[in-house]
Amino acid sequence: MSNAGANPDAHPLARSVSFKRSDKTATWTPKAGSLLDFAEDSGIAMDYSCRSGECGTCSAFLLEGEIAFYSDPDEKFGPGLHKTCCSFPKTDIVLDA
């Protein structure tokens, strides 16, 4: 099996993250950390406060895809609304941010 043409920078857990309102798409890898950290590093301004999943200030609607949590957030919100400070993409995703 040949690796010719394979991207040497590709990571097996890389995920496409699209920020719908900001009209930006970037590739997340585990090194990027939480969705909040990744958004900030990608130039997306998001509100936040505690950065630990307690307050909900960083919440955004997940429009497509699946996410997982580093730690279970203290409080659950309505369908599709997730805390970005303690989550990461399981699949390619679209956030309303």
Identity of the residue in the stretch 41-52, part of a loop (DSSP other than H, G, I, E, B) and not polar (S, T, N, Q), that ends up farthest from Leu95 (Cα to Cα): Cys50
Looking at Asp37, is it assigned to a helix (DSSP H, G or I) and either at pLDDT 95 or above or loosely packed, with under 15 Cβ neighbours inside 10 Å (or both)? yes
So which of Phe69, Phe61, Phe77 ends up being closer than 20 Å to Asp23 by Cα and among the aromatic types (Phe, Trp, Tyr)? Phe61
Of Thr29, Thr91, the only residue that is of a type in the set (S, T, N, Q), modelled with pLDDT of 95 or more and either at positive phi or out of contact with any Leu (no Cβ under 9 Å at 6 or more places or on another chain) (or both) is Thr91
The stretch 1-21, residues that are loosely packed, with under 13 Cβ neighbours inside 10 Å, modelled with pLDDT of 55 or more and among the aliphatic types (A, V, I, L, M): Ala10, Leu13
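Given the residues Ser71, Ser52, which is the only one that is free of Cβ contacts under 8 Å to residues at least 24 places away in the same chain and over 21 Å from Lys24 (Cα atoms)?
Ser71 is the lone residue from the list that is free of Cβ contacts under 8 Å to residues at least 24 places away in the same chain and over 21 Å from Lys24 (Cα atoms).
The values are calculated or read from the model by the stated rules, or taken from the named source; none is laboratory data. Predicted, not measured: the structure shown is a model, and the values here were computed from it. Note: ideal-geometry Cβ built from the backbone for every residue, glycine included; neighbour counts use all protein chains shown.
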